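Enquirer: Here it is, the structure in full.
The values are calculated or read from the model by the stated rules, or taken from the named source; none is laboratory data. Note that the structure is a prediction, hence the values are computed from the model and not measured. With ideal geometry, Cβ positions are generated from the backbone for all residues, glycine too; neighbour counts draw on all protein chains shown.
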Amino acid sequence: MEGVEERVCVTGAGGYVASWLVKLLLSKGYTVHGTVRNPEDPKNSHLMKLVEGSDQKLQLFQADLTNYDSLHAAITGCNGVFHVATPVPPGSEPILEVELVDTAVIGTLNVLKACSEAKIKRVVVVSSTAAVEMNPNWPKDQAMDEACWSDEEYCRKTKNWYFLSKTVAEKEALEYGRRTGLEVVTVCPSIVVGPMLQSTVNGSSWVLIKILKDGVDRVENKVRFIVDVREVAEALLLTYEKPEAEGRYICSSYMVRMRDLVEKLRSVYPNYNYPNNFIEVDEEKISSEKLQRVGWKFRSLEETLVDSVKSYQEAGVIHRC
Ligand SMILES: NC(=O)c1ccc[n+]([C@@H]2O[C@H](COP(=O)([O-])OP(=O)(O)OC[C@H]3O[C@@H](n4cnc5c(N)ncnc54)[C@H](OP(=O)(O)O)[C@@H]3O)[C@@H](O)[C@H]2O)c1
């Protein structure tokens with residue numbers, strides 16, 4: 001481990017993105033307060049095995065986003081906070097607007113209020129390109145950048161509650177920072193894939209798993225914005241550590257058409273049940289140039305795909321072939 005003498009809090013530590021962030025922080029020598037809703041749940045047991053000595057440097061706190069006191073207890077004594085937890089929709093089940101939007105927004109404000117009280121130096125809030133992309137008025141030929149926000153009314157009209165929750169929560173977070181002087185940086189990852197550290201499959205990993213095993217014949221040849229989970233963790237640490245980092249950062253490495261994604265997977269793993277027909281749809285573009293200007297780099301898409309497939313095979317979610 002390297003020797004950073006800092007204590008930081010990570011909310012929702014047991015989740016997909018947060019587990020990689022906690023691993024990175026521990027490997028750099030940070031002491032981590034990780035919040036989980038149930039410390040006894042075996043689904044969080046991987047956290048104590050992330051790096052050698054995890055049990056010395058990682059302390060788990062029971063906390064729910066809707067319970068201010070539980071967040072305050074976890075954040076007190078820290079120098080910085082990574083707010084990662086959010087309600088994520090479970091697959092295709094219908095989701096209640098109130099549950100998703102209120103929990104995300106109230107939870108973010110609870111975290112920020114606790115940060116002010118604990119005199120936190122900087123908070124990195126994990127938002128999403130869901131807070132960027134749902135904007136029918138953005139010119140189609142122009143890459144979406146940090147100036148592009150999802151249209152709240154459009155999200156409501158189309159019942160995209162997760163998109164709405166991320167948009168409102170991120171706006172509130174940045175506004176809270178302007179109002180109070182707390183340093184708030186937001187990072188907006190696109191679809192996150194790559195190896196899983198946790199034992200249960202998270203929502204975004206299903207995007208690749210479905211391509212490998214669903215056997216759907218026709219899919220839209222949409223452009224997918226993709227980022228590797230390990231690079232999301234790097235982006236979060238970078239925007240925490242770099243004093244010049246400010247405001248909002250889109251975090252997306254690859255823009256790849258569905259057909260090309262399938263072909264890349266098929267060239268390494270020819271025997272999965274891939275779609276064969278593609279329906280043409282309009283192209284969209286997104287830019288992570290601002291993040292790259294503070295030093296963010298990413299590996300090749302091929303490496304991300306191979307590491308993802310190996311991880312799904314090891315977890316027994318797809319068969320080996
Ligand atoms: N994966 C992606 O493609 C992607 C893309 C862009 C942005 N993001 C953002 O990245 C963050 C992490 O997502 P993920 O993909 O890692 O999903 P995940 O594995 O489902 O993690 C979500 C975490 O939030 C916690 N959580 C949910 N509701 C909570 C509540 N009421 N109180 C406290 N904790 C709560 C969950 O805790 P439990 O384990 O107790 O349920 C879990 O640890 C989220 O902010 C998400 O919006 C993800």
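Enquirer: For Pro243, work out the one condition from (1) at pLDDT 95 or above; (2) touching a helix residue (DSSP H, G or I) at 6+ places or on another chain (Cβ under 6 Å) it doesn't fulfil.
Expert: So Pro243 meets the others, but not (2).
Enquirer: One residue is enough: does region 288-295 have a residue meeting the conditions without any contact (Cβ under 8 Å) to a residue 12 or more places away in the chain and not small (Gly, Ala, Ser)?
Expert: As a first pass, look at region 288-295 and keep what is without any contact (Cβ under 8 Å) to a residue 12 or more places away in the chain: 292-293.
Narrowing the set further to residues that are not small (Gly, Ala, Ser) leaves 292-293.
Checked region 288-295: at least one residue is without any contact (Cβ under 8 Å) to a residue 12 or more places away in the chain and not small (Gly, Ala, Ser).
Enquirer: Which of the residues that make up region 196-249 are assigned to a strand (DSSP E or B), among the β-branched types (Val, Ile, Thr) and within 14 Å of the chain's Cα centre (by Cα)? Before the answer, list the steps.
Expert: We begin by selecting, within region 196-249, every residue assigned to a strand (DSSP E or B); these are 218-220, 223-228, 247-249.
Now narrow it down to the ones that are among the β-branched types (Val, Ile, Thr): 219, 223, 226-227.
Once the filter is applied, which keeps residues that are assigned to a strand (DSSP E or B), among the β-branched types (Val, Ile, Thr) and within 14 Å of the chain's Cα centre (by Cα), region 196-249 yields Ile226, Val227.
Enquirer: Here are Val192, Val184: which of them is among the hydrophobic types (A, V, I, L, M, F, W, C), within 14 Å of the ligand (Cβ to nearest atom) and under 25 Å from Glu289 (Cα atoms)?
Expert: Matching residue, one of Val192, Val184: Val192.
Enquirer: Residues that are more than 20 Å from the chain's Cα centre (by Cα), at least 3 per element: which helices (runs of 4 or more DSSP H) completely within region 103-161 meet that? Before the answer, list the steps.
Expert: Numbers: elements: 103-117, 130-133, 152-157.
Output list reads 103-117, 152-157.
Enquirer: Considering region 197-221 alone, what residues qualify as being away from the ligand (no atom under 15 Å from the Cβ) and of a type outside the set (A, V, I, L, M, F, W, C)?
Expert: Correct list: Lys213, Asp214, Gly215, Asp217, Arg218, Glu220, Asn221.
Enquirer: Out of the helices (runs of 4 or more DSSP H) lying entirely within region 9-97, which hold 3 or more residues that are in contact with a Ser or Thr (Cβ under 9 Å, 6 or more places away or on another chain), farther than 21 Å from Ser116 by Cα and in contact (Cβ under 8 Å) with a residue 24 or more places away in the chain?
Expert: Numbers: elements: 16-27, 54-57, 68-75.
Fully inside region 9-97 and qualifying: 16-27.
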